[in-house]
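Taking it in order: structure first as structure tokens, then the write-up.
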Amino acid sequence: MKNVLISVPANNPRYVIYLPTIWANLKTFADKSDTLRAEINWLDPIIGKDVPEKLLAPYGGQEIHVLGLSCYSWNAHTNMVLAEYIREKYPNCVIVAGGPHLDYKNTDIFAEHPYLDAIVLKDGEIPFKMILEQVVDGKVDLDAVPGLVLPPREGDDDGKHRMTEKPSLPQTFDEESPWLKHAAFFENMIAELKAADPQRFIGIPWEIDRGCPYACVFCDWGSNTGSSIRNIPLERVKKEVQWISKNGIQVCFITVANFGIDKRDEEILDALIDAKHKYGYPNVFIWNNAKMNVDRVVSMNERAFRAGLVNNHVLSVQHLNDEVLKTMNRAPVSRHRLMSVINEIKETKIPCVAQLIFGAPNDSPERFLGSLTGLMEMGVHDEYVAYPFDVIPNSPAAQPSFQKQWQVETVTRIGAVNKRDPNLAVHDYSTIIVATNSYNRQDFVDMYVHGRLIIALHNNGFTQLVSRYLRRSKGIAYKDFYNLLIEKMFKPGDEYWNTVYDRCYSHIADFISDEGTDMVEALPIEDMPHFDYYVNVEEYFHFKFANGVREFYEALARVLMAEYGTWDELQSILKYAENMIVDPSYDRRIGRRVQTDYDWEHYFLDENEDRAEPKSSKIDVMLRHQVSGSRSQFRLDWIESSNSEEDALENFTRRIVGKHYERVERGYFKSLYGSSSIDRFTKGLDSRSA
């Protein structure tokens with residue numbers, strides 16, 4: 001029998017480990033052949049990350065005849081190192097790679113990766129089955145397999161790769177589910193993963209269709225962008241829903257580009273909601289919103305939120321500047337329509353997470369920071385997630401014509417998405433744009449650091465309430481407020497916070513420099529030299545602010561009062577905001593009592609009236625927060641559960657300084673009014689307000 005090994009390492013597998021969809025799809029399709037069922041031995045797939053020797057140890061030295069690699073930015077380098085090792089150990093192994101992170105348009109790709117025999121374009125089932133049939137038959141002729149990129153033939157004059165016939169894609173899908181066909185295998189894998197690490201979440205990349213009719217320049221949806229959507233049978237999808245939920249899979253990542261584009265997606269969501277009510281899973285449902293069917297998506301998101309499947313509404317704006325969106329091949333933003341959507345989301349009381357991409361052609365520090373503060377002006381305050389422009393190898397943005405037109409400069413580095421664990425033996429790379437026609441590398445560092453600084457300040461609550469008060473009651477624009485803080489609180493050299501700012505600024509400047517090839521985008525926290533997790537710049541700022549809350553607000557007060565003067569309401573909101581922050585000193589067994597001279601809760605509940613002032617009133621608020629996190633999954637117990645101050649600080653950081661998409665009400669509790677974690681005592685207000 002011929003041994004087949006599929007490698008699809010998960011991103012940061014210490015935190016979430018994903019089951020191998022690719023393995024299930026390839027094996028199910030190949031098993032249609034009686035010959036392949038009899039002659040092929042499918043080894044357990046690789047889903048973790050490590051050096052090749054450790055990854056191959058479970059197979060006991062069995063020869064590998066075919067190696068299949070599923071390559072994304074978070075695992076491509078890991079897979080290439082494995083492929084090179086296997087080529088040396090098993091010279092006759094047929095090594096086939098697929099996925100969006102293979103630069104097959106680069107004619108020198110096989111010179112860079114000489115251990116590869118073939119690259120699969122688009123869907124892999126048909127070509128991989130044909131390759132297995134050739135291996136079993138003993139006559140491997142990859143030129144006869146459609147949809148492959150192959151190395152140059154020996155003696156070819158140009159020495160460049162060649163392509164076989166046009167890919168053959170499945171236009172319809174079987175009623176038989178790859179997951180259910182291999183249910184026993186996966187259920188055993190789930191049990192072993194849970195036994196090995198009960199705290200780690202298990203995820204599933206779940207297919208309900210393939211294809212995407214759009215062609216955003218930053219995207220390569222499995223080489224299926226700009227294509228019609230091919231649906232997987234609805235009844236099969238519904239059966240998979242039951243299996244996912246019944247087996248306690250915590251994270252369901254739906255691998256479609258536009259969930260909600262078709263009305264049947266509502267039926268799929270309803271099936272998942274029903275299963276969640278019955279079995280309690282999944283905990284997290286991740287999807288990409290349909291770009292045009294906004295009303296349907298908002299409605300679906302509300303149902304998913306009420307069912308506990310999602311914790312926020314993702315607003316995929318990418319940017320607010322039409323010139324920048326044009327270079328991304330995205331439609332211009334209709335401010336009226338966007339405001340309508342934001343207001344619809346507000347009506348649902350669901351936290352809103354705005355996704356942004358910075359660093360596209362035509363972008364600039366002013367335009368990107370204008371997107372952040374523009375969202376604030378529209379009333380979006382819950383969460384912003386900002387990504388550098390990641391260039392996927394076969395996306396339009398990776399093509400020489402695009403890069404020449406927009407004077408694009410890129411660097412390839414160990415991005416934060418690829419290495420959070422400092423103890424991980426392997427790492428992977430991302431390629432990001434760092435300069436274009438409209439900005440240089442220093443401008444990029446400004447966009448990066450200032451953007452993440454503003455996110456840390458605003459989303460984590462350090463300045464959100466203060467800035468919202470100044471905007472509403474004093475007419476001070478968010479843009480002017482945050483520019484003031486950058487220029488007067490963080491850039492000057494005589495302040496402690498300048499040291500924190502400089503640490504982040506110099507790190508990113510070095511990271512994108514020509515000498516930064518071995519640097520990691522995320523950085524360690526020097527206060528905790530043995531901490532087992534790298535943080536990004538935004539999280540680093542959050543950590544520093546939370547560990548110097550008193551000093552932070554003293555510095556903030558000096559800057560604001562020097563610029564705007566002083567008055568009672570400003571001093572009161574500064575004190576109120578400071579006490580709303582859950583910092584390392586917070587002991588949930590005691591709580592925290594906050595005394596105010598103004599009714600700030602009602603002030604922020606009703607922001608319809610411009611230039612309004614908070615009502616004067618003596619109010620005591622008692623905070624009794626016991627847990628935090630978007631799913632209340634983090635206990636605020638670092639003081640009672642730690643044996644030392646060092647342990648307490650590390651535990652605080654794990655629970656509070658969270659990665660994006662997990663921060664909503666994690667370190668700063670935004671929805672205070674009516675919360676069971678709040679006791680409110682009033683003097684001078686109608687008793688019904690209490």
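Some observations on this one:
- With contacts taken as Cα pairs under 8 Å at a separation of at least 6 residues, the chain carries a relative contact order of 9 percent.
- Surrounding net charge for I17, when Lys and Arg each add one and Asp and Glu each subtract one, Cβ distance under 11 Å: +2
- Ranked by the mean number of other Cβ atoms within 10 Å of their residues, highest first, the peptides 306-312, 550-556, 161-167 fall in the order 306-312, 550-556, 161-167.
- About the Cα centre, charge dipole magnitude for the chain (Lys/Arg +1, Asp/Glu -1 at Cβ), debye: 1780
- In terms of the mean number of neighbouring beta-carbon atoms within 10 Å, the peptides 110-118, 123-131, 460-468, 52-60 order highest first as 460-468, 123-131, 110-118, 52-60.
- Each peptide in 531-538, 228-235, 243-250 gets a packing score, the mean of other Cβ atoms within 10 Å over its residues, and the list from highest to lowest is 531-538, 243-250, 228-235.
- Helix 537-546 and the long axis of the chain differ in direction by around 30°, with both axes built from C-alpha atoms.
- Mean separation of Cα pairs under 8 Å and 6 or more residues apart, divided by the residue count, gives segment 2-163 a relative contact order of 22 percent.
- Antiparallel bridge percentage (DSSP; both residues within segment 2-163; nearest 5): 20
- The chain - mean residue ellipticity at 222 nm from DSSP helices (-39,500 (n - 2.57) per run, n ≥ 4, rounded to 500): -11500 deg cm²/dmol
- Added length on full extension, which subtracts the Cα-Cα distance from 0.36 nm per residue, E347 to F185: 53.9 nm
- Residues Y279 and N92, FRET efficiency given R0 of 45 Å [Cβ-Cβ distance, rounded to 0.05]: 0.45
- Only one residue of I202, L424, H277 has its Cα farthest out toward the positive end of the dipole of the chain, where Lys and Arg carry +1 and Asp and Glu -1 on Cβ, and that residue is H277.
- Pairs of Cα atoms farther than 33 Å apart, the chain, %: 52
- Å³ per residue enclosed by the Cα convex hull of segment 2-163: 109
Values in this text are rule-based calculations from the coordinates and carry no lab data. From a predicted model like this one, the values you see are computed outputs, not experimental measurements. Neighbour counts are summed over all protein chains in view; Cβ atoms, including those assigned to glycine, are modelled from backbone coordinates with ideal geometry.
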